[in-house]
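The values are calculated or read from the model by the stated rules, or taken from the named source; none is laboratory data. Quantities reported herein were computed from a predicted structural model and do not represent experimental measurements. Using ideal geometry, Cβ is built from the backbone for each residue, glycine included, and neighbour counts are taken over all protein chains shown.
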Amino acid sequence: MLDVKHLRKVYSGHGRTVEAIGDLTFHVAAGEFVTVVGPSGCGKTTLLRCIAGLLPATAGEIRVDGRPVSGPPPGLAVVFQEYGRSLFPWLRVADNVALPLRRRKLSTVERRKRVHDALAAVGLHDSLEAFPWQLSGGMQQRVAIARAVAYEPRVLLMDEPFAAVDAQTRADLEDLVRDVWRQLRITMVFVTHDIDEAVYLGQRVVMLSRSPTHVLDELTVDLPDERDQLGTRSDPGFSKLRARVYSQIRAAKAPVDLGKTAS
Amino acid sequence: MLDVKHLRKVYSGHGRTVEAIGDLTFHVAAGEFVTVVGPSGCGKTTLLRCIAGLLPATAGEIRVDGRPVSGPPPGLAVVFQEYGRSLFPWLRVADNVALPLRRRKLSTVERRKRVHDALAAVGLHDSLEAFPWQLSGGMQQRVAIARAVAYEPRVLLMDEPFAAVDAQTRADLEDLVRDVWRQLRITMVFVTHDIDEAVYLGQRVVMLSRSPTHVLDELTVDLPDERDQLGTRSDPGFSKLRARVYSQIRAAKAPVDLGKTAS
Amino acid sequence: GNSAPPQTPTAPGQTVDIKVGVIAIVDVAPIYLGKEKGFFSSRGLNLTLSTSQGGAAIVPAVMQNQYQFGFSNVTSLLLARSRGIGVKMVSNGVASTGVVGKDFGGVVVKGDSPIRTAADLAGKSVAVNTLKNIGDTTTRASVRKAGGNPDAVKFTELAFPDMPAALQGGRVDAAFVVEPFLTATLDQGARLVSSNYAEPAPDLTVATYFTSDQTIAANKDLVSRFQEAMKESLRYADTHPDEVRRIITTYTSIKADVAARLTLPRWPTEVNRASVQTLADLAVGDKLLDKAPDLGTLLP
Amino acid sequence: MIRRLLPLSGLLAFALLLEVVPYTGVVSAVYLPPLHRIAGALGQEFGRDAFWTALLDTLRTWLTGLAIAVGAGVVVGVVVGSVPLLRAATASTVEFLRPIPSVALIPLAVLLYGTGRTATLLLVVYASFWQVLVQVLQGVTDVDPVARDTARSYGLGRLARIRWLVWPTTLPYAVTGVRLAAAVALILTVTGELVIGTPGLGKEIALAQSGGAVAQMYALIVVTGLVGVVANVVTRDAEKRVLAWHPAFRKEAAA
Amino acid sequence: MTILRRTALVFGLPSVLFAAWWVFSAGSVDFYRPPLSSILAAFAETWFGSRIRDDVLPSLLRLAAGYSLALVLGIGLGVLIGLSPRLRIAVEPVLEFLRAIPPPVLVPILILFAGIGDLMKVLVVVSGCVWPILLNTVEGVRAIDPVLADTCKAYGIRGADRLRHLVLRSASPQIVTGARQALSVGIILMVISEMFAASSGLGFTVVQFQRGFQIPEMWSGVLLLGLLGVLLSGLFRLVERRVLAWYHGQR
Ligand SMILES: Nc1ncnc2c1ncn2[C@@H]1O[C@H](COP(=O)(O)OP(=O)(O)OP(=O)(O)O)[C@@H](O)[C@H]1O
Ligand SMILES: Nc1ncnc2c1ncn2[C@@H]1O[C@H](COP(=O)(O)OP(=O)(O)OP(=O)(O)O)[C@@H](O)[C@H]1O
Ligand SMILES: [Mg+2]
Ligand SMILES: [Mg+2]
């Protein structure tokens, strides 16, 4: 379904050249749920933007459904890390969610129902008429999630979509996303900083190195598809997987001196 | 040092009236490290903005150093939840950090050193010359943190400052913030969604209810001041505190139906 | 005015700088000639000529003594005087040839126009350079004289340079033009239907040089020197048409070949008082003015 | 290479249009001469000293007026824009003064300053000042609220906020204001010269008009237009440098 | 803001200025600077009669027509140019060329094509109004937030939807600024258009008064133009408050 081969991305301009992605190769099967973890600044957002066809790769190739990506593939949805800026400030919350649905052949009633359901699912049933900038950070992020959910995409790319919500809401949203994924068999690429989350959500965890970025390790999460917050997280298998990701990342991180040079 | 008494804040406008804060009273002693947790949308950001004198309260009173707050008190620094928009896109990273220091009577050399040290402390020593919009989300957030650290404030308000960074970096930044706090005896109000973080960092955890917001519970963290990631987190005391916060929050949250109405 | 330069009377024989506001058209050829021939310098007048497009700039400048003298058509001066502006004619400016069919201005129509005489202009649109001024009052007078209804003429304001094109394009039925545009339109096949400067009065004084009451009161000597120099210039111009045709190519953009064929106006040395009275009556008749100003205060 | 030629392609097409239209019969070539005749006249103009003097005169009046208008517009705009009370109190007066046409002020200008350069300058400044002011006022409003709160909470003083926050935000608006004002100032310079008779291109145009020298008149108009084109190249270039951080320029620089 | 306070702010400064004008011009004998009292007297006499129907109204209609046309043209072209850097590079010099041509010399050319009727005057208004709108639209479109643009791309929001919900809305603060600029420019050009080839109209009347040395009447016309500006900008503000509610709400 989704093929990334020897992807390389170099940003240059304004007196700065950064190799955001060194050489990245991985594959996501149709309907698979892949989570991506990696240190801050390692190129996760860049990767998603390349997959979404929003950014041209410097080298390498990305294929979705066998076709090389040149623009955003149809049926794709993205939840951007900059959730606040990805909402249209001139549209009310419900309209923000409804906007991408305009192209879908839906009756008005149906469309409205989808929008309401999606917003209710993220706990925003009473903020339909608000403007995004009247909402708290976490609420804005949930609007962005609701927009993606209501869109019912075939491929969903999420960039730290739960970064701004509290622990309890986060758990609920995690279950929501897994539910949606299972119902619609969406192909998922989910970037997160939370290792527990990566393991809890994904069928596979892709760990990225710091730049020049490559795949550090891939880990198949051999937990049952039926997961729940309490049971799964207390499963010894879960802890083992989690520990493996931790150690991998710590090992990769070791040579770098964050926080050791000052104060 | 910081006194919040019967604070109430109602937003109204554009066809929407929201009681963001119902009735909030708490006290932060000089040099104290208080963490604040609460569900998304409960008014944490609103609270910080009121303390910072950026938003007038609807009712109640806030005093810093005994003086009622009308504008930003001197020696205050804030790390905003919307870190991206709080950086000036026309200034390079180092200049963004240096800008608030212009008022301080510092020699150029000294100022430059402070800026470099702060940026190095958050792992951005090689991005001094970049513009903020050339950085990843987590890097931007770290710039905002570096700006606050370099400023050496007397009162530091942080609004989910580590939301966009990976687990490892987050741990390092937590230690950085605690180090800075201990060295400078800053009065800290730290909003977070991560309950472990709240307990690990704070001397006291203030738990807020969902709206109409009031203080649900306050919890003194009776762990030694000397903390470290591995030791403290595996301390049984830590686990107990953590569990208490969890149960409190879950109890308060129960009646609400997030995620139960749809899909 | 409060920012006017102080008016110090000139002593006879002393050389003084003067500025005169004119419009760069054929009509002011004499003053250019006079300057060239030294008629002004010989009287101790160091003359500078400033061109503007019209009265909007010249009248205030004269009132403010920025210009000591200005050039303006008679009707404008009548209007100004009647509104209480202290303008006063000092010298004749330019006059009609008085020859119907052979004047320096007139109303023209397209060659194939059904309009034959001025009377036919009733109900038609006629372009004039300035409404409620000398152009439309004299045209109305011509229409009246030809037996037409002057009130039925529809006047439209249009700058002289734009008239030939407007006429040819059928945007207007007729146009009141002066040289060099008269020759230009005639060249294109237009037909003259009325010599409106020549018809209302014999030897109509069209425009004059003027100054302000203040200048007259404060500097009699300067005024009389200017008047003498002007007289000599006018006389010279009136008797040396070839010189005129040459000089106009220097201060206007009229090409020599056009200049050679223009109908030149006349430059009598004296203002034709009767014709000024006629223009005043026309202005009152056309309700440009409520009542005629006391011509004694206006005429030199 | 294509990028190099692109700016010229538009002008070339326009030139071609000017050459062809007179032959189509839409208008007579007598009144709108084809381009080659205008170019011929332009060539002749280049040979005349009076033309160069006039051009320099026009440029001088224009640039002086523009500089005054931009300076005043920016300062007044930033000050009035950053003090809400001041802004509310002056709004109606500004709206009253803006639509007053400069032509109506000609007698006043002549009365105050005679028919020299200063009178024209008054008209130029009056007309172009508002263009800058309105843009700057809008720019000041555009400050990002989070950025504003940041500046406030870090104790940046009023001047520092203007320098580091308000001004950079306003700059893109101000640049548009300068571009608008540059054309308006040029227009008023030429109009002032045309009507009042201040020396300059406008006066030459008036002369050509009243003398019926059509091609020469168009040649002078072309010069005016070209001055506008050059002014734009200069502002665009400056803009690219001072606004490199702005979203509108990020992509282009990265490509 | 209370109604009282708002009224005080709207009328405060103008009242002071008018009072000052009244006092300082009271004894004026200068012909071109008549006392305010005589201007006001002239105002009542001149404008409260048939002139409203015969001169003011036709002018306003032409202004409205020209302004609307300029809005359509300016926004339409502006969006096209703003979205396509190549188009911008190609046409900008031509536009800049046209922009620098003064109305007094442009009018004769317009007369060649459009005659001397209302069409010409409307076109003169357009020829001036279009530039602030165009320039601001171009800059507004170019400054679209890249994250929002990406959002649209990713969700397949294209064509008319993109235009309506992203491009126009996101540029609207700047478009509104341009339109505000154009409003007063339009009034000015309404006057200028009537200086050429006219026989009636507000601008024509003002210029006529100027030429006929009816100076108090002329100033009363200038006064009327100013009042017109205030009135129209008031209307404009009402519209703006609706269109840009989201923008001002944030700030
Ligand atoms: N527009 C840009 N211009 C230049 N460099 C950029 C740009 N965007 C990202 N980069 C650089 O590319 C690298 C990777 O950035 P990216 O945003 O992909 O990281 P990330 O993995 O998403 O990090 P985070 O977890 O902090 O969001 C960083 O070094 C960043 O500075
Ligand atoms: N500018 C505003 N206008 C209107 N309502 C607002 C505004 N800002 C916040 N609110 C409302 O106030 C409430 C509290 O918002 P606030 O941002 O303080 O929450 P928060 O605790 O910071 O949430 P989060 O953890 O999601 O950031 C929310 O219901 C929000 O919709
Ligand atoms: Mg990222
Ligand atoms: Mg918040």
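For the range D:165-215, give me each residue that is closer than 30 Å to D:Pro145 by Cα, polar (S, T, N, Q) and touching a Pro at 6+ places or on another chain (Cβ under 9 Å).
The one that is closer than 30 Å to D:Pro145 by Cα, polar (S, T, N, Q) and touching a Pro at 6+ places or on another chain (Cβ under 9 Å): D:Thr176.
Take B:Leu258 and tell me if it is modelled with pLDDT of 90 or more and surrounded by 20 or more Cβ atoms within 10 Å (Cβ to Cβ). Let's see the steps before the verdict.
Details: modelled with pLDDT of 90 or more: no; surrounded by 20 or more Cβ atoms within 10 Å (Cβ to Cβ): yes.
No.
Which ranges mark the helices (runs of 4 or more DSSP H) fully within the range D:168-255 that have 3 or more residues being surrounded by fewer than 21 Cβ atoms within 10 Å (Cβ to Cβ), out of contact with any His (no Cβ under 7 Å at 6 or more places or on another chain) and basic (Lys, Arg)?
D:214-242
What do you reckon, is D:Thr189 more than 9 Å from chain E (Cβ to nearest Cβ) and hydroxyl-bearing (Ser, Thr, Tyr)?
No; evaluated as a whole, the condition is false for this residue.
Inspect all residues belonging to the range E:84-93 and state whether any of them is assigned to a loop (DSSP other than H, G, I, E, B) and closer than 30 Å to D:Gly114 by Cα.
no
Tell me which residues, restricted to the range B:48-78, are more than 14 Å from ligand 4 (Cβ to nearest atom), of a type in the set (A, V, I, L, M) and either closer than 20 Å to B:Asp217 by Cα or within 14 Å of chain A (Cβ to nearest Cβ) (or both).
B:Ile62
Select, from D:Val103, D:Val146, D:Val110, the only residue that is modelled with pLDDT of 90 or more and assigned to a helix (DSSP H, G or I).
Step by step, each of D:Val103, D:Val146, D:Val110 is checked, and only D:Val146 is modelled with pLDDT of 90 or more and assigned to a helix (DSSP H, G or I).
At positive phi and surrounded by 20 or more Cβ atoms within 10 Å (Cβ to Cβ) - does that describe any residue in the range B:123-131?
Yes, the range B:123-131 contains a residue that is at positive phi and surrounded by 20 or more Cβ atoms within 10 Å (Cβ to Cβ).
What number goes with the only condition from (1) at pLDDT below 95; (2) among the β-branched types (Val, Ile, Thr); (3) within 16 Å of ligand 2 (Cβ to nearest atom) that A:Val69 does not pass?
(3)
Please find, among A:Thr45, A:Thr35, the residue that is within 11 Å of chain B (Cβ to nearest Cβ), within 21 Å of A:Arg154 (Cα to Cα), within 16 Å of ligand 3 (Cβ to nearest atom) and within 15 Å of the chain's Cα centre (by Cα).
Residue meeting the stated conditions: A:Thr45.
Return the residue satisfying two criteria in turn: it lies in the range B:178-190 and is surrounded by 19 or more Cβ atoms within 10 Å (Cβ to Cβ) and more than 10 Å from chain A (Cβ to nearest Cβ), and of such residues it is nearest to ligand 3 (Cβ to nearest atom).
Per the stated criteria, the residue is B:Phe190.
Tell me the helices (runs of 4 or more DSSP H) entirely within the range C:125-213 that contain at least 1 residues that are away from chain D (no Cβ under 14 Å). Spell out how you get there, then give the answer.
Working: elements: C:134-145, C:163-168, C:181-187.
Output list reads C:134-145.
Taking helices (runs of 4 or more DSSP H) that do not extend beyond the range E:99-180, which have at least 1 residues that are hydroxyl-bearing (Ser, Thr, Tyr) and more than 10 Å from every other protein chain (Cβ to nearest Cβ)?
Where helices (runs of 4 or more DSSP H) fall fully within the range E:99-180 and carry at least 1 residues being hydroxyl-bearing (Ser, Thr, Tyr) and more than 10 Å from every other protein chain (Cβ to nearest Cβ), they are E:118-142.
E:Ala70 - would you say it is touching a helix residue (DSSP H, G or I) at 6+ places or on another chain (Cβ under 6 Å), farther than 14 Å from E:Gly203 by Cβ, at pLDDT 85 or above and part of a helix (DSSP H, G or I)? First the steps, then the outcome.
On the way: touching a helix residue (DSSP H, G or I) at 6+ places or on another chain (Cβ under 6 Å): yes; farther than 14 Å from E:Gly203 by Cβ: yes; at pLDDT 85 or above: yes; part of a helix (DSSP H, G or I): yes.
Yes; evaluated as a whole, the condition is true for this residue.
Does any residue of the range B:72-83 turn out to be in contact with a strand residue (DSSP E or B) (Cβ under 8 Å, 6 or more places away or on another chain) and within 16 Å of ligand 1 (Cβ to nearest atom)?
Checking the range B:72-83: at least one residue is in contact with a strand residue (DSSP E or B) (Cβ under 8 Å, 6 or more places away or on another chain) and within 16 Å of ligand 1 (Cβ to nearest atom).
Of the numbered conditions (1) modelled with pLDDT of 90 or more; (2) away from ligand 4 (no atom under 16 Å from the Cβ); (3) within 14 Å of chain B (Cβ to nearest Cβ), A:Gly13 satisfies every one except a single condition; which is it?
If we test A:Gly13 against (1) modelled with pLDDT of 90 or more; (2) away from ligand 4 (no atom under 16 Å from the Cβ); (3) within 14 Å of chain B (Cβ to nearest Cβ), just (1) comes out false.
What do you reckon, is B:Ala30 in contact with a helix residue (DSSP H, G or I) (Cβ under 6 Å, 6 or more places away or on another chain) and touching a residue at least 24 places away in the same chain (Cβ under 8 Å)?
So B:Ala30 does not fit the description; no.
What's the number of the condition D:Val132 fails, among (1) over 21 Å from the mean Cα position of the chain (by Cα); (2) in a helix (DSSP H, G or I)?
Of (1) over 21 Å from the mean Cα position of the chain (by Cα); (2) in a helix (DSSP H, G or I), only one is false for D:Val132: (1).
Looking only at residues in the range A:102-156 that are small (Gly, Ala, Ser) and more than 12 Å from ligand 2 (Cβ to nearest atom), which one is farthest from B:His193 (Cα to Cα)?
Filtering first and then ranking leaves A:Ser107.
Only residues that are within 16 Å of ligand 2 (Cβ to nearest atom), over 11 Å from the mean Cα position of the chain (by Cα) and assigned to a helix (DSSP H, G or I): list them for the range B:182-203, please.
Matches in the range B:182-203: B:Ile195, B:Glu197.
Being crowded, with 24+ Cβ neighbours inside 10 Å and either more than 10 Å from chain A (Cβ to nearest Cβ) or away from ligand 1 (no atom under 16 Å from the Cβ) (or both) is the filter here, so list the residues in the range B:160-175 that pass it.
Selection gives B:Pro161 alone.
Using beta carbons and a limit of 8 Å, which pairs, at least six apart or on different chains, have the first residue in the range E:65-93 and buried (at least 19 other Cβ atoms within 10 Å of the Cβ) and the second one of a type in the set (Ser, Thr, Tyr) and modelled with pLDDT under 95?
The qualifying pairs are E:Ala90/D:Ser9.
Which of (1) surrounded by fewer than 19 Cβ atoms within 10 Å (Cβ to Cβ); (2) at pLDDT 85 or above; (3) within 30 Å of B:Ala59 (Cβ to Cβ) does B:Ala251 not meet, given it meets every other one?
(2)
Can you tell me which of D:Leu86, D:Leu63 is surrounded by fewer than 20 Cβ atoms within 10 Å (Cβ to Cβ) and in contact with a helix residue (DSSP H, G or I) (Cβ under 7 Å, 6 or more places away or on another chain)?
Checking each option against the conditions leaves just D:Leu86.
Is the range D:80-88 home to any residue that is in a helix (DSSP H, G or I) and facing chain E (nearest Cβ under 7 Å)?
yes
Spot the failing condition for B:Gln81; the list is (1) part of a loop (DSSP other than H, G, I, E, B); (2) over 16 Å from the mean Cα position of the chain (by Cα); (3) within 13 Å of ligand 4 (Cβ to nearest atom), and only one is missed.
Evaluating B:Gln81 over (1) part of a loop (DSSP other than H, G, I, E, B); (2) over 16 Å from the mean Cα position of the chain (by Cα); (3) within 13 Å of ligand 4 (Cβ to nearest atom) leaves (2) as the failure.
Any residue at all in the range B:207-229 that's surrounded by fewer than 24 Cβ atoms within 10 Å (Cβ to Cβ), facing chain A (nearest Cβ under 10 Å) and away from ligand 4 (no atom under 16 Å from the Cβ)?
Looking for residues that are surrounded by fewer than 24 Cβ atoms within 10 Å (Cβ to Cβ), facing chain A (nearest Cβ under 10 Å) and away from ligand 4 (no atom under 16 Å from the Cβ), one finds none in the range B:207-229, hence no.
With respect to D:Arg161, determine if the residue is of a type in the set (Lys, Arg) and over 12 Å from the mean Cα position of the chain (by Cα).
So D:Arg161 passes the test.
Can you tell which of C:Ala29, C:Ala95, C:Ala61 is farther than 24 Å from C:Arg266 by Cβ and small (Gly, Ala, Ser)?
C:Ala61 is the lone residue from the list that is farther than 24 Å from C:Arg266 by Cβ and small (Gly, Ala, Ser).
Out of all the residues in the range B:124-146, which are farther than 18 Å from A:Ser211 by Cα, more than 7 Å from chain A (Cβ to nearest Cβ) and of a type outside the set (A, V, I, L, M, F, W, C)?
B:Pro132, B:Gln141 - these are the residues of the range B:124-146 that are farther than 18 Å from A:Ser211 by Cα, more than 7 Å from chain A (Cβ to nearest Cβ) and of a type outside the set (A, V, I, L, M, F, W, C).
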